[in-house]
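Heads up: the structure comes next, in structure tokens.
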Amino acid sequence: MRDIFEIRRQDAGGRIGELRVPRAGVTVETPTLMPVVNPNLITIEPSTFTEFGAEMLITNSYIIKSDDDLREEALEKGLHEMLGFDGAIMTDSGSFQLAEYGEIDTDTEDIIEFQRDIGSDIGTPVDIPTPPDASRESAEIQLGETEEALALAEGMDVGEMLVNAPVQGSTHVDLREAAAEHAYGTDLDVFPVGAVVPLLNDYRYADMADVVAAAKRGLGSDAPVHLFGAGHPMMFALAAALGCDLFDSAAYAIYARDDRYMTVRGTEHLADIDHFPCSCAVCSEHSPDEVRALADPAREELLAEHNLHVSFAELRRVKHAIKRGRLMELVESRARSHPEMLDGYRAFLDHADQYERSDPASKDTFFYVSGESARRPEVERHHARLPRLDTADEVLLSESGAGSDDFDEIYRVKPPFGPYPTALATTYPVTGEVPDRLDDEAYAAAARGIAALADANPDTDFTLAHYDWPDTALAAVPERVELYDIDADRDDNGGDGDGE
Ligand code: GUN
Ligand code: ZN
């Protein structure tokens, strides 16, 4: 791997990075979104992509090579002039066509050479996109073929062109991890997670999350990661949090062809819209009736423009959130837009310990906005650190913060974090803002924190003074911790105190 990627900021697995693309002479800020250009079916002129915010586009070298006119034009003028785009251009190899139609009329050496010759900035070998749920045996065999393709690409003279090293392995997460490790071990440059399109088409965001998390475990943190074929803005925040740096959208144009209007909460049909819920140029200047009244290609173009605007707006929102340390809050709000997105977020949270490692130690205030917040990497890390604390003989874990001379030491307790020494009261994440009306998940997480502290300090006598925690959470507090309900005490005293 060449030294082309630098990470500037992190939040969970999300990062702001700089990808140097030497052949294009540009440095692209990631996460980035590459509009897909089908050279046979241009909906929006690539020369206008920079107006939407694109720094890079992706097109298919196999489609170009298979058409006599396009091939000659690309070889003669070069891709950049042919498309009228002077940013970075990535090219795909025909692997997707291979997956769709079963065969293609090229191979890695042939197509990489062609990509180099037409001036591609980032080329792709012929990897084998093994579909989800393939048998382990066929996934392994095809992974072997992908690895051979990477080896062939590695041995070629490609000049300054960067080369993708796709990570395959179907839904077998151990194969994905091994494939990623292998790809990272080559001297190739960018690491697309492949064959996720069928997962995304079926809204299998949880499987997507597991597959990406597995690939990330096999890749070094300095590897730029592309989620191949992921173009719906609804999932950018989640995919970024999982550690994806590049996205490509064919959806902006394909959806427009069917009158489908993208939003960050899903897709709507133009026929069903009375008011455009968007402030892009298209939506501010046209009413849905006006757009419906247009004939193609004008209608399709306007919809494609809106779709691209809404996609880049979400990408900027993701970048802003990473810089502000607010990516998890954005992912949580997107997770509310679709049940399968919630599954995807919950699958991400299953990997909270993995993502805790790249999460900054301190960020802007933690906002608790749903039961899922209780499983965020920051909570996980707080719990992982509790066993390092050495407690005194008699310790009060106090939700009210009130002390008592009966104890040697007071720890504050705050759901979902659990206990923390008072000296840490002004530090991240326990400064987090939580609602007054908490859900059971917050208390359950706090109980896990108490268990972590208590288990590491078996000689300490702990007492937990809590405000009427739910039974489910209290049941998760180790039995040797004495329980004291502050609310019950307050009720006994006529409700005029706070337990002090
Ligand atoms: N486009 C979408 N998925 C894939 C993939 O797995 N490999 C390649 N080369 N292109 C893709
Ligand atoms: Zn719009």
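FRET efficiency for T463 and E433, Cβ-Cβ distance as r, R0 = 30 Å, nearest 0.05?
Efficiency, from the Cβ-Cβ distance: 0.65.
Tell me, what is the percent relative contact order of the chain, built from C-alpha pairs under 8 Å that lie six or more residues apart?
12
Among I254, G325, Q354, whose Cα projects farthest towards the positive end of the dipole of the chain, with charges put on the beta-carbon of Lys, Arg (+1) and Asp, Glu (-1)?
G325
Not counting the cut sites, what is the longest span of the chain without trypsin sites (Lys or Arg not before Pro) that DSSP labels loop and that have at most 16 other Cβ atoms within 10 Å?
Longest stretch, sites excluded: 3-264.
Give me a comma-separated list of calculated 3J(HN,Hα) values for segment 5-13, in order, Karplus coefficients 6.51, -1.76, 1.60 applied at θ = phi - 60°, integers in Hz, x for any Gly or Pro.
Taking θ as phi minus 60°, the curve returns 10, 10, 9, 9, 9, 10, 7, 6, x Hz for segment 5-13.
Once you have the Kirkwood Rh of segment 334-426 from its Cα pairs, apply Stokes-Einstein at 20 °C and 1.002 mPa s and quote D in µm²/s.
Values: Rh = 15.1 Å.
In µm²/s, the coefficient rounds to 142.
Using DSSP to define loop residues, name the GluC sites (Glu not before Pro) in segment 22-128 whose beta-carbon has at most 15 other beta-carbon atoms within 10 Å.
Listed in order of number, the matching sites are E103.
Per residue of the chain, what 222 nm ellipticity follows from adding -39500 (n - 2.57) for every DSSP H run with n ≥ 4, rounded to the nearest 500? Could the numbers behind the result be given before it?
Values: 22 runs with 209 residues, N = 500.
Only helices count here, giving -12000 deg cm²/dmol.
Rg/Rh for segment 1-151: what does it come to with C-alpha atoms and Rh from Kirkwood?
We get a ratio of 0.99 for segment 1-151.
Across 10 Å bins from the origin, how do the percents of Cα pairs in segment 365-408 run, short distances first?
The distribution over segment 365-408 is 21, 35, 33, 11, given as percents.
Where the only charges are on Cβ atoms (+1 Lys, Arg; -1 Asp, Glu), what is the dipole of the chain about its Cα centre, to the nearest 20 debye?
900
Under a straight-distance cross-link criterion of Cα-Cα below 29 Å, which lysines are reachable from K363, leaving out those fewer than 8 residues away in the same chain?
Output for K363: K216, K319, K323, K414.
Taking Cβ-Cβ under 4.7 Å as the only way to count a partner, pick out the unpartnered cysteines of the chain.
By the Cβ distance rule, which asks for a partner under 4.7 Å, the isolated cysteines are C244, C280.
Using only alpha-carbon positions, what ratio does the radius of gyration of segment 348-500 give when scaled by 2.2 N^0.38 Å?
Cα-based Rg divided by the globular estimate yields 1.01.
Using the scaling law 2.2 N^0.38 Å as the reference, what is the normalised Cα Rg of segment 175-250?
Output field value: 1.01.
Taking the square root of 5 times each eigenvalue of the Cα gyration tensor, what semi-axes in Å does the equivalent ellipsoid of segment 85-186 have, largest first?
Sorted largest first and rounded, they come to 24, 15, 12 Å.
Give the distance, in whole Å, between the Cα centre of segment 135-213 and the Cα centre of segment 14-65.
Taking the Cα centre of segment 14-65 as reference, the centre of segment 135-213 is 21 Å away.
Where does helix 173-185 land angle-wise versus the long Cα axis of the chain, in degrees 0 to 90, nearest 10?
Taking Cα atoms only, the helix is inclined about 60 degrees.
With each label point set 7 Å from Cα along the Cα-Cβ vector, what nm distance links S279 and E76?
4.7
Taking each pair of different alpha-carbon atoms in segment 131-267 once, compute 1/r for the pair, average those values, and report the inverse of that mean as the Kirkwood hydrodynamic radius in Å to one decimal.
Hydrodynamic radius (Kirkwood, Cα only) of segment 131-267 equals 15.5 Å.
Identify the residues of segment 72-106 with backbone N under 16 Å of a label point that sits 7 angstrom from the Cα of D202 along the Cα-to-Cβ direction, or state none.
Under 16 Å, as judged by backbone N against the label point of D202, lie 100 of segment 72-106.
Using the basic label-point model (7 angstrom from Cα toward the beta carbon), what is the E18 to A476 distance in nanometres?
Placing both labels 7 Å beyond Cα along the Cβ direction yields 4.3 nm.
Subtract the Cα-Cα distance of D86 and D405 from 0.36 nm times their separation in residues, and report this length gain in nm to one decimal.
Here the segment from D86 to D405 would lengthen by 107.7 nm.
Could you give P(r) for the chain, binned at 20 Å from zero, as whole percent values over all Cα-Cα pairs?
Values per bin, smallest distances first: 22, 46, 24, 7, 0.
Tell me, what is the percent relative contact order of segment 170-319, built from C-alpha pairs under 8 Å that lie six or more residues apart?
On the way: 206 pairs, mean separation 31.2, N = 150.
Relative contact order of segment 170-319: 21 percent.
Positive end of the dipole of segment 89-155, charges at C-beta (+1 Lys, Arg; -1 Asp, Glu), about the Cα centre: which of A153, T130, I111 has its Cα farthest in that direction?
T130
Hey, what angle do you get for helix 205-218 against the long axis of the chain, alpha-carbon based, 0 to 90 degrees rounded to 10?
Long axis of 205-218 versus the principal axis of the chain: about 90 degrees.
Once the piece of chain linking A151 and E109 is laid out straight, how much longer is it, given 0.36 nm per residue of separation minus the C-alpha distance between them?
Residue separation times 0.36 nm, minus the Cα-Cα distance, leaves 14.1 nm.
Read-outs throughout are calculated quantities, based only on the coordinates presented, and are distinct from any laboratory measurement. Bear in mind that the values here come from a model prediction, so they are computed numbers and not experimental data. Cβ atoms come from the backbone with ideal geometry, glycine included; neighbour counts cover every protein chain shown.
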